[in-house]
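Here's the structure we're looking at; comments come further down.
Just so it is clear, none of the values below were taken in a lab; they were calculated from the coordinates. Treat the numbers as computed from the prediction; the structure is a model and nothing was measured. So basically every Cβ, Gly included, is an ideal-geometry build from the backbone, and we count neighbours across all protein chains shown.
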Amino acid sequence: MVNVSFLGDISLNDNYVTLYKEGINPFSNLNPYLKKTDLIIGNLECFSKGDFGENKLKNPRLTTTIETLNYLKLIKLNVACLANNHVYDHLEDGFKKTTDFLQNNEISFLGASYEKGKESEPKIIEKDDLKIGLFNYVTEDTHPNLPSNASVFLNIFNLDKALIDIKSIKNRVNHLVILFHWGGSVEGGNYPDWYQITISRKLIDAGADLIIGHHSHTLQPYEEYKGKYIFYSLGNFCISNFSIGNKDYNYYNYNYISAIPTFTFDNKIKLKKILFIQNFETYYKVTDTSFKFILKKTFFKLFIRFKPFFYLYKFDYKYFKTIRSLLLCKKFSSNKKLDIIKTKIRSK
């Protein structure tokens, strides 16, 4: 039996760099909630600054430092998903510095490589007599914008290829997880695009056992299809506001809640619990004692916020009836332990 937790978008940009220089660990109070987790997988969306410039075709670009990447060790990240739209923000040099750091700290990664062909290779995790297969894809509508002569290769999603990928690995593993960076058309939105729902079901029909999504910077509903889970977007695990020129990028306003689902992998994959957290906003100073439990009144506000989804799609209720918001699922809230924490912001 293996407990696996999934994190949303991880971007240690801007104010996280400052926090690290000041010796502050904003994640210290989160660690006890994940201490019983055997494996932590997350989407690493911010790469170290390189020495040879930036990808001018990509905007905005996210930047961190090698030193700040040490936060990944503090959150005990085991596997980093690199198939995302910021992988080439700092060209090959930034990519290589980041992947060298991951390798030196025994953090596995997949979905991108500077060796052609390796970007599409699966990662197989062996633990407690179980083999868990991972594939990581990014869809073109998230706009990675790699130049034609890029020396970093990205695992761009293609349905036909993905079906072949599943077939090639299915008999070699006990469980297969698909990790997606997708939904460019609904970035900042609370619900998935139709194509995401359609693709997910096809992949599960082909043999995928669990689908985890990122990119929208928002928490989106999950769906239970044929007894298997599809999490369309987990939201931001951590990201800092930043500015480029005269434009401010305030990702905190995109979403108030992120989720960390934990699954038990055994003969079957079972949803064990979901940890709800408020996005680790660092526009203001965050201390190492920044967590408080969310009050129920906040919960009710979020309940109302997600409710219109069911009215929006009531014309096709049969197709959407299994889709549940993370915050509305009665089955989950009545039978599972809800761990909800909130970041308390201290002004500068």
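Observations
- Around the amide H of S258, modelled in the peptide plane, lie the amide H atoms of I277, Q278, N279, all under 5 Å away and 5 or more residues distant in sequence or on another chain.
- Placing dummy labels 7 Å off each Cα toward the beta-carbon, the span from K161 to S108 is 2.1 nm.
- Remark: the S151-K270 segment gains 38.9 nm on full extension, using 0.36 nm per residue and subtracting the alpha carbon distance.
- Shape category assigned to segment 14-127 from the gyration tensor of Cα positions, a/c cut at 1.5: oblate
- Sequence-ordered 3J(HN,Hα) estimates for segment 230-238 from the Karplus curve with 6.51, -1.76 and 1.60 and θ = phi - 60° stand at 10, 9, 5, 7, 8, x, 7, 6, 7 Hz, glycine and proline given as x.
- Sorted largest first, the principal axis extents computed over the alpha-carbon atoms of segment 112-158 equal 42, 23, 13 Å.
- Per-selection Kirkwood Rh - segment 1-41 (Cα, Å, 1 d.p.): 12.0
- Sorted largest first, the spans of the alpha carbon positions of segment 56-211 along the three principal axes are 40, 38, 32 Å.
- Restricting attention to segment 82-198, close to 45% of DSSP beta bridges with both partner residues there are antiparallel.
- The shape of segment 67-151 comes out oblate: with a ≥ b ≥ c from the C-alpha gyration tensor, a/c is at least 1.5 while a/b does not beat b/c.
- Listed peptides 98-105, 186-193 by packing density, highest first (mean Cβ within 10 Å): 186-193, 98-105
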